[in-house]
Amino acid sequence: MKTLLLLLASVAPLAAQAQHSPYAGDQRRAIKSLSEDQVRELLEGRGMGQARAAELNGYPGPMHVLEHADAMSLSADQRQATQSLMARHRERARQLGRAVVEAERRLDEAFARRTVDAAALSALTAEVGRAQARLREEHLRTHLEQTALLDERQVRRYNELRGYAGQGAGAGGHRPHGAHR
């Protein structure tokens with residue numbers, strides 16, 4: 001018993017030292033609030049889950065529609081329209097992603113320079129929020145535009161192919177205003 005107590009007493013200080021913040025190491029990031037992967041994905045125009053509300057409620061996205069074009073029986077016109085939508089979207093998402101990265105960089109720099117005050121903080125976080133909102137809107141709008149290019153059968157098939165059928169994905173029943181029937 002005495003040996004066990006001595007062992008526990010010697011391990012306790014080590015356990016206390018090992019309780020680092022989950023942020024330990026992040027202080028070396030170029031932009032503290034974004035990982036290198038997040039910066040890369042933003043600059044590449046990647047989705048990063050931004051359109052999950054649309055995707056999981058039965059509004060297909062163009063990247064995955066193109067992946068499943070044959071299984072969804074896309075017409076040549078639908079395929080071309082989807083490719084054009086994807087190209088336009090990717091360019092807009094890259095531009096908006098750059099805006100998010102730059103807004104985060106300005107916020108980080110204000111803290112790094114120790115020049116941030118309440119007014120600057122309000123302006124900088126509002127800028128970050130606006131940039132993030134524009135980016136998310138772009139991703140969600142693209143799903144709306146894509147869904148309008150498809151018929152109900154294709155939307156249902158998309159949801160099946162993506163594994164959403166029967167799981168509340170809104171497959172087929174809900175059509176946005178102006179969508180093809």
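The values are calculated or read from the model by the stated rules, or taken from the named source; none is laboratory data. Model, not experiment: these values are computed from the prediction. Just the protein is used for accessible areas: all its heavy atoms, side chains included, with ligands, DNA and RNA removed. Shrake-Rupley method; radii C 1.70, N 1.55, O 1.52, S 1.80 Å.
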- Rounded to two decimals, the Rg over Rh value of segment 20-133 from Cα coordinates and the Kirkwood Rh reads 1.11
- Item | With all protein chains modelled, accessible area of residue 125 [1.4 Å, Å²] | 70
- How much accessible surface area, in Å² rounded to 10, belongs to the heavy atoms of residue 121 with a 1.4 Å probe? 70
- Which value, in Å³ per residue, describes the convex hull spanned by the Cα atoms of segment 73-115? 45
- Ranked from the most accessible area to the least, with a 1.4 Å probe and all protein chains present, what is the order of 143, 68, 20? 20, 68, 143
- Note on the structure: Residue-ordered couplings for segment 87-95, obtained by feeding phi - 60° into the Karplus form 6.51 cos²θ - 1.76 cosθ + 1.60 and rounding to whole Hz (Gly and Pro as x), are 5, 4, 4, 4, 5, 5, 5, 5, 4
- As computed over segment 40-87, the Cα convex hull volume per residue (Å³): 76
- Query: Using alpha-carbon positions, what is the distance between the centroids of segment 70-92 and segment 20-37, in Å?
  - Reply: 37
